[in-house]
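Coordinate-derived values only; no laboratory data. For clarity, every value in this text was computed on a predicted model and none was experimentally measured. Here the Cβ positions follow ideal geometry from the backbone for every residue, glycine too, while neighbour counts run over all protein chains shown.
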Amino acid sequence: MRSLFAVAMAAVLLTGCGSVPIQRTYVLGDAPPSTVGIRSETGLVVIELKTVSVPSYLDSTDILRRTGPNEVTPSPTGRWGERLSHGITDALAASLSNRLPSLVITTTPVSEPARRIIVDIEAVDIGADGRCLVAARWRVSSGAARQGAGESRRGTFGETAASIDDQAVASALTRAIDQLAARIAATITND
């Protein structure tokens, strides 16, 4: 009787394992350049990008999709490789660095940067149809100024994923963050 029970339990466990989808890990931003090289940053202007703030319910490794007017659900097949605030910060820094190659964009705290960029993400919305929206507020202040100084700007940026799978959503969200980087870069170059 015991062996029959053990076989039945093993069958239940194996059946349960077969129905769990494989969860993949995704990162925001484009892959690093494939060329190898060293670039001197001596004498370049340093701009510090503070860690991006996001609403606390979003700051996890779950890929959250809107499933109703006031409901988000984690993807069963994918997750972020790091907390969303860090993923957006890294993707934004890389995009700004590409757009502003004559400046050093760093996420490491600097005692006296030429400028500081403070970004508050108000919403990241991934719809069931694959539409990805990022609503953000940002300020670019002089390095000597307090963090709250500087003119505040706001924008909403959107991209539609090629499909509703997690990889396509990560790509669309990366493109929306790149749109935000373009607006921040314009703020820096026009000030």
- Starting from the Kirkwood radius over alpha-carbon pairs of segment 29-107, derive D by Stokes-Einstein at 25 °C in a medium of 0.890 mPa s and give it in µm² s⁻¹. 165 µm²/s
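When the expected Rg is taken as 2.2 N^0.38 Å, what fraction or multiple of it is the alpha-carbon Rg of the chain?
Taking N as the residue count of the chain, the ratio is 1.30.
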- Query: Per the helix-only calculation at 222 nm, which mean residue ellipticity applies to the chain, given -39500 (n - 2.57) for every DSSP H run of n ≥ 4 and division by its residues, nearest 500 deg cm²/dmol?
  - Reply: -10500 deg cm²/dmol
- Task: Treat every Asp and Glu Cβ in the chain as -1 and every Lys and Arg Cβ as +1, leave all other atoms uncharged, and give the resulting dipole magnitude about the Cα centre to the nearest 20 debye.
- Result: 140 debye
- Message: Could you give each residue of segment 41-52 its phi-based ³J(HN,Hα) in whole Hz, using Karplus coefficients 6.51, -1.76, 1.60 with θ = phi - 60°, and x for Gly or Pro?
- Response: 9, 4, x, 7, 5, 9, 10, 9, 9, 5, 4, 5
- Query: Looking only at G29, G81, G37, which one moves most when the chain is put into a Gaussian network model with springs between Cα atoms under 10 Å?
  - Reply: G37
- Item | J(HN,Hα) series, segment 171-179, from Karplus relation 6.51 cos²θ - 1.76 cosθ + 1.60, nearest Hz, glycine and proline x | 5, 5, 5, 4, 5, 5, 5, 5, 4
- Between I63 and residues 5 or more places away or on another chain, the pairs with built amide H atoms under 5 Å apart involve S75, W80
- Projected label distance in nm at E122 and T77, using a 7 Å step from Cα toward the beta-carbon: 3.3 nm
- Query: S60 to T35: extension gain in nm, 0.36 nm per residue of separation minus the Cα-Cα distance?
  - Reply: 5.8 nm
- Highest-first arrangement of 103-111, 82-90, 178-186, where packing means the average Cβ count within 10 Å: 82-90, 178-186, 103-111
- Item | Which of G29, T108, C132, positive extreme of dipole for the chain (C-beta unit charges) | T108
